[in-house]
Amino acid sequence: MIEVNGLSRRYGSRLAVSDVSFRVEPGQIVGFLGPNGAGKTTTLRMLTGYLAPSSGEIRIDGIDAVGSSIRARARLGYMPEGVPLYKEMRVDEYLRYRATLKGIAKPNPAVNRALQLAAVSDAKKRIIGQLSKGYRQRVGLADALIADPAILILDEPTSGLDPNQVRQFRELIRGFAGNKTVLLSTHILSEVEAVCDRVIIIRRGEKVADLAPRDSETSLEDVFAQLTADDSAEARS
C-alpha cells in the first residue's frame, strides 16, 4: 500500500532524508521511529504530498504520489502532529466542513462513521475548544478517517496525552489491524511494541533498521538505544 524507493530531501546544503526505501503491506500497522531531528516528519510530509522530495519515488496504493499527488492523497488519511482544528466550531460541524472540502457527496453518513470509528460520538455537539486534549486528538483522527481511506499516516498521535488517554488511543489504532494500513510515528516505544507488526527506524535521515518487534529477543527499547546512542550523546553535549 505504501512503497518508497530512494527517497531524499534537501534543505539547501543539508540532507534531511537520504535514500530511504521501505514498503508497508496492506493491513499492516508499521511503526516509524527515530530520535528528534532524524527526518521522520519530513518523510511523512513527503508521503502525504505536503512536501516534494528532492529525489526518489513514492507510490500510494500503486499511485505515483509525486506525479499524481491529488489522486494519491485521496487514498490516505493524515493526522499531523499538533492537529490543526477550528476550536470555535462544534465537532460535527467541523467534520461536515472537512467532509465538504474533501468532496464527500454525502457528508452526514461519513461524519457519523468517522465519529464512531474515532470513539468521539458522545462529544459531537460540543465545541472543540472546550474538549480535553485526548478528545481533540480523537477529533483529529476522525478527520483523517472521514473519507474512509485505506491508508492512515499518524504523526505523534498521542503526544501530550496522559497514560489513560494513550491507552485508549492505542486501542483505537489496534482496532484498525487488517482493515486499514497504518504508518505510525511516535516516541512511545511501548505503544509501538503493543500495536505494530513492523518497525522502521531512521537516524540522521537514513533507514537503520526494519524489524518485527515481536520476533526479536532484544527489547525495542534496547534496539533503539543501540542504534541511536550517538545522537543522544550529541544532544547532551
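The values are calculated or read from the model by the stated rules, or taken from the named source; none is laboratory data. What you are looking at is a predicted structure, and each value in this text was computed from that prediction instead of being measured. Every residue, glycine among them, receives a Cβ derived from its backbone with ideal geometry; neighbour counts consider all protein chains shown. These accessible areas exclude ligands, DNA and RNA; they are computed on the full protein's heavy atoms, side chains included. Shrake-Rupley method; radii C 1.70, N 1.55, O 1.52, S 1.80 Å.
Cβ-Cβ below 7 Å, separation at least six or inter-chain, first residue in segment 120-135 and surrounded by fewer than 18 Cβ atoms within 10 Å (Cβ to Cβ), second among the small types (Gly, Ala, Ser) and at pLDDT below 95: which pairs?
133/160
Which of the residues belonging to segment 93-103 are over 25 Å from residue 170 (Cβ atoms) and either touching a strand residue (DSSP E or B) at 6+ places or on another chain (Cβ under 8 Å) or assigned to a helix (DSSP H, G or I) (or both)?
Within segment 93-103, 93, 96, 97, 99, 100, 101 meet the criteria.
Considering only segment 196-211, state which residues are out of contact with any helix residue (DSSP H, G or I) (no Cβ under 9 Å at 6 or more places or on another chain) and open to solvent by less than 30 Å² (accessible area, probe 1.4 Å).
If the condition is that a residue be out of contact with any helix residue (DSSP H, G or I) (no Cβ under 9 Å at 6 or more places or on another chain) and open to solvent by less than 30 Å² (accessible area, probe 1.4 Å), then 200 is the only one that fits.
Filter segment 67-85 for residues that are assigned to a loop (DSSP other than H, G, I, E, B) and surrounded by 15 or more Cβ atoms within 10 Å (Cβ to Cβ) and give the result.
Hits for segment 67-85 are 74, 75, 80, 81, 83, 85.
Under the condition of being touching a residue at least 12 places away in the same chain (Cβ under 8 Å) and either among the aromatic types (Phe, Trp, Tyr) or out of contact with any strand residue (DSSP E or B) (no Cβ under 8 Å at 6 or more places or on another chain) (or both), which residue from segment 1-36 is most open to solvent (accessible area, probe 1.4 Å)?
So, considering only residues that are touching a residue at least 12 places away in the same chain (Cβ under 8 Å) and either among the aromatic types (Phe, Trp, Tyr) or out of contact with any strand residue (DSSP E or B) (no Cβ under 8 Å at 6 or more places or on another chain) (or both), the one most open to solvent (accessible area, probe 1.4 Å) is 36.
Looking at the structure I just gave you, is residue 57 in a loop (DSSP other than H, G, I, E, B), modelled with pLDDT of 95 or more and open to solvent by 10 Å² or more (accessible area, probe 1.4 Å)?
The answer is no for residue 57.
Among the residues that make up segment 119-141, is at least one of them under 30 Å from residue 62 (Cβ atoms) and of a type outside the set (Gly, Ala, Ser)?
Within segment 119-141, one or more residues are under 30 Å from residue 62 (Cβ atoms) and of a type outside the set (Gly, Ala, Ser).
I'd like the full set of residues that are open to solvent by 50 Å² or more (accessible area, probe 1.4 Å) and of a type in the set (A, V, I, L, M, F, W, C), limited to segment 148-179.
Result: 177, single match.
Which residue is farthest from residue 36 (Cα to Cα), if the candidates are limited to segment 145-161 and must be modelled with pLDDT of 90 or more and under 10 Å from the mean Cα position of the chain (by Cα)?
In this case the residue turns out to be 151.
Of all residues in segment 120-168, which are within 25 Å of residue 43 (Cα to Cα) and part of a helix (DSSP H, G or I)?
If the condition is that a residue be within 25 Å of residue 43 (Cα to Cα) and part of a helix (DSSP H, G or I), then 136, 137, 138, 139, 140, 141, 142, 143, 144, 145, 166 are the ones that fit.
What pairs come up if the first residue lies in segment 208-219 and is in contact (Cβ under 8 Å) with a residue 12 or more places away in the chain, the second is among the basic types (Lys, Arg) and in a strand (DSSP E or B), and their beta carbons are under 9 Å apart, counting only those six or more places apart or on different chains?
209/203; 210/198; 211/198; 212/198; 213/198
Out of the residues in segment 19-50 that are among the small types (Gly, Ala, Ser) and assigned to a loop (DSSP other than H, G, I, E, B), state the one that is farthest from residue 199 (Cα to Cα).
49
Counting only residues that are open to solvent by less than 60 Å² (accessible area, probe 1.4 Å) and in a loop (DSSP other than H, G, I, E, B), which one in segment 104-119 is nearest to residue 152 (Cα to Cα)?
118
Right, residue 51: surrounded by fewer than 18 Cβ atoms within 10 Å (Cβ to Cβ), over 19 Å from residue 139 (Cβ atoms) and of a type outside the set (S, T, N, Q) or not?
It is true that residue 51 is surrounded by fewer than 18 Cβ atoms within 10 Å (Cβ to Cβ), over 19 Å from residue 139 (Cβ atoms) and of a type outside the set (S, T, N, Q).
For residue 88, state whether it is at pLDDT below 95 and open to solvent by 20 Å² or more (accessible area, probe 1.4 Å).
Taking the combined requirement at face value, the residue does not satisfy it.
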